[in-house]
Each structure stands twice: as structure tokens, then as C-alpha cells.
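The values are calculated or read from the model by the stated rules, or taken from the named source; none is laboratory data. Values in this document were obtained by computation on a predicted structure and should not be read as measured data. Cβ: placed from backbone, ideal geometry, glycine included. Neighbour counts: every protein chain shown.
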Amino acid sequence: MFFFFPESRLSRSVIEDAVTAAKATVDNAYEYSRQESIDRVRRNAASPSDVLRLLKQPAGPTRTAVRAADYMDVAVKLLKRSLNRRPKRSINATGDERNNENICLTSLHTLLMREHNRLARALAKTQSSLGGERLYQEARKIMGGYFQVREGDYLLHIVGPDFIAKQLSTYLVMMKTWTPASPNVFATAAYRFAHLMFSLSSFFAPWRIVFEGGVDPILRGLVGRQAKLNTDRLFKFSAELALDLGALNMQRGRDHGLPGYNKWRKFCGLSQPRNLAQLAKVMNNTDLAKNLLNLYGTPDNIDVWLGGVAEPFVRGGRVGPLFACLIATQFQRIRQGDRLWWENEGVFTEAQRESLRETSLARIMCDNTGITEVPDRPFQYRPRGSGYTQCEDIPTF
Ligand code: HEM
């Protein structure tokens, strides 16, 4: 039966056996009901209306086939679920299932949750009068500050140093009229740039962390292996679980009524290509420009997600100029439009701000795992054995 899997790890052959069993079940069901229909007619067991129905080819077999297809559909869905989640074993400490979407995400989340608890325990030692709720909230506030202080470490590699210098260097003042909320184009297109950067494995399989060595090996892999280059499968991107995320992004953009590529280029003060030559220049790729024009007719109509991810990267970044502008603009608003931004007056004391400046993902990895050496800048790829920093040499906070 294909809903059962041995407790040991799922091997390729187990998956193949399960699919073969599912197919055989559907084939048998089809053959069985076809044969039964014929037998009923032969035995004269069918009513006159049945006879009419059964003899009206291909209605009978079609109906059976539709039933069989439904059955197959359900069977495959259950099969996928069984493959990715161990039965009766729910592993989700976060309260939001999306955390289990892939094991790297789960590992990072676990790391940061441990850091929160480490801070809460440390606070409890020095300020024993604080109750549980207050300890939790204080640690949470520090973690909020940590995310804000360190987000630039990641963004630097996404939008590149020029956009950081232009829009995200020194914090100036809070802008009371700005909102930090995410606009449609940011959530539905620009910040989905990373949908071309991951490999499709280990989805919704949190049990792998528990059974395959904890978060340490995954975190070691995250810092010690290069990120996938997000150009190699631009137009072939589609996931194993029948999910074509690229198509989903574009469909979502249309659902949300996002204006097309050139409108956003204009918003960012960039040129708006009008013909093949201009588009080829913007994309730095004539074949790509031709394909886009064949599909869309005019650059105005290109879905903004697709146009954005098709652009060549800005210097030192992983997105093109359009997404670099949209992302940098949004993070600028997140900083200057939020009264709770860590650098805004009255949120933290100067001493606390000094401490927050000392924080690092490297230190958090050292404090919350069994890892003893890390690259001091974990977002910058450094292969293992190329001189990682020993944990004792990384400042504590
Ligand atoms: C294994 C990795 C990932 C998978 C499988 C994944 C999948 C998805 C899916 C299915 C959606 C919802 C799509 C829709 O219905 O419109 C989504 C939304 C989104 N994803 Fe990802 N994603 C991944 C990683 C990332 C990363 C690394 C980023 C950014 C750095 C990102 C940014 C976003 C954003 C901004 C949204 C829209 C959220 C919203 O509107 O509330 N995703 N992703």
C-alpha cells in the first residue's frame, strides 16, 4: 500500500515502488469497472437505461476514466504528503507551517529562536525581578533590533554597494509621512527575485533536521556552499511538486493588477525600452529580448517580475537595476518610516545601540550550535578550510 513507508529513510526505490503501486491501483480500478460493465450487459443484469448508457461509447469508459483520474489525483496528493511528512509526527515549533517550507529556513529560524532564549535566560540572571512575560518581550525587542541592524549584511549582496551607498548608508531621521508597509510591487514582484535562487529539495521535511543530525550540518552547508546562480534556469523554472513558481509569481502580479515592466522602470527613473534594440541593450542579451518581444509584443506588457529577474545584475548584487531600486527604496522606507526602527530616538539607549552594533550572525551561530569556527561574514561565501574564524575570536554581545 502506498501510504505506508518504513521508518528508515525514504530511498528512491521506495518512491518509485509507491508510484508504480499507485499507477497499478488506478489501472486495476479502470479495468475492473470496465469489465464489470461489460459483464453486467452480458448477464442482462443492467436495466434498459444502463444498456443504453453502457453502449453509448465512449461515455461509459470516459466516466470510469474520470473516476480513475480523480482517484489518481487524490492518491498522488496523499503520496506526496506521505513522502514529505512522516505520519503522526508533527514537527512545528513556530506556529506557522511556512517555517517548514524548507530545512534551511527551519534551521535559521531555530538558530534565532535559540538566540532569543539565550538572551531571555541571560536577562533572567541579571534582572531576576522581571517576570516571564517581560523577559520574553525584552528578548524579543533585542532580536527585533538585531534583525534591523544586520539586514544590511544581506542586502549588500542583493542590491550591491552602489544602492547601499545611495539609499541605505547613514540613518538620517524618521519621516513621519512615510509608511514602512510593503507595497504591492515589492511583495508580488521585486522581493520574489530569490525564487530563482534555491534548489528544489527538502520541502516540508522538518523531520530531516531531527533525524539527520540537527541544524548544525545545514548551517555549515549554508555558509560553506555557494548560493545557486539565479540565471541558469530562467525560462525553465518549474518545481517538482507541479508548482511553477515563476508562473505563479506572474499570475499573482496580474491578479494584483501590477502595472507592466516599463511603468516600473519609469518609477525608478530608468530608461523605458521601446523596441528590440533598446530592450536588447537593457537586457544585455539580444536573444532574450527577441523572445520577450515575441511573447509580449511590447516591453510595456512584460510582467514586472519576469522583466526584473531577466535584467543583468548590478555591480556586486544579485538583481538588476529595476529590482535593486525597488528593494532599496522599500528598505529605506522600512528604516525611515518606522517609529520603532532601532536607530530612531527613544527606542534603545545609546549603550544598547552600541551593543547591537556588535552583534553578528557568526556570533549567534557560535553561541547556539556546536559549531566552533565560522566565516566572520556568513553571507559572503567562503569555502570550508579557507581560514574560518574561531568562535573564541568573535566578539560576544
Ligand atoms: C525554498 C524557497 C522558497 C519557496 C519554495 C517559495 C515559495 C513561495 C510561494 C509558493 C509563495 C506564494 C506565491 C503566491 O501564491 O503568490 C511565495 C511568496 C513570496 N516569496 Fe517565496 N519562496 C521561497 C523563498 C523565498 C525567498 C528566499 C524570498 C526572498 C528573499 C522569497 C520571497 C517571497 C515573497 C516576498 C513572497 C510574497 C509574500 C507575500 O506577498 O506575502 N521567497 N514564495
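Among the residues of the stretch 332-387, how many are small (Gly, Ala, Ser) and touching a residue at least 60 places away in the same chain (Cβ under 8 Å)?
Total meeting the criteria: 3.
Only one of these is surrounded by 18 or more Cβ atoms within 10 Å (Cβ to Cβ) and of a type outside the set (A, V, I, L, M): Glu343, Glu358. Name it. Don't jump to the end; show me each part of the working.
Details: Glu358 fails: surrounded by 18 or more Cβ atoms within 10 Å (Cβ to Cβ).
That would be Glu343, the only listed residue that is surrounded by 18 or more Cβ atoms within 10 Å (Cβ to Cβ) and of a type outside the set (A, V, I, L, M).
Among (1) within 16 Å of the ligand (Cβ to nearest atom); (2) within 28 Å of Asp216 (Cβ to Cβ), where does His116 come up short?
Going through (1) within 16 Å of the ligand (Cβ to nearest atom); (2) within 28 Å of Asp216 (Cβ to Cβ) one by one, His116 breaks only (1).
Which residue, of Thr298, Thr329, is under 30 Å from Gly257 (Cα atoms) and assigned by the TED database to the domain that holds Gly152?
After applying the criteria, what remains is Thr329.
Is it the case, given these coordinates, that Trp264 is at pLDDT 95 or above, surrounded by 14 or more Cβ atoms within 10 Å (Cβ to Cβ), under 30 Å from Lys77 (Cβ atoms) and within 16 Å of the ligand (Cβ to nearest atom)? Spell out how you get there, then give the answer.
On the way: at pLDDT 95 or above: yes; surrounded by 14 or more Cβ atoms within 10 Å (Cβ to Cβ): yes; under 30 Å from Lys77 (Cβ atoms): no; within 16 Å of the ligand (Cβ to nearest atom): yes.
In short, no.
List pairs: first residue in the stretch 182-194 and without any contact (Cβ under 8 Å) to a residue 24 or more places away in the chain, second residue more than 7 Å from the ligand (Cβ to nearest atom) anywhere in the structure, Cβ distance under 9 angstrom, at least six positions apart or on different chains.
Ala187/His256
Hey, can you tell me all the residues within the stretch 196-215 that are buried (at least 16 other Cβ atoms within 10 Å of the Cβ) and either more than 16 Å from the ligand (Cβ to nearest atom) or modelled with pLDDT of 85 or more (or both)?
Hits for the stretch 196-215 are Trp207, Val215.
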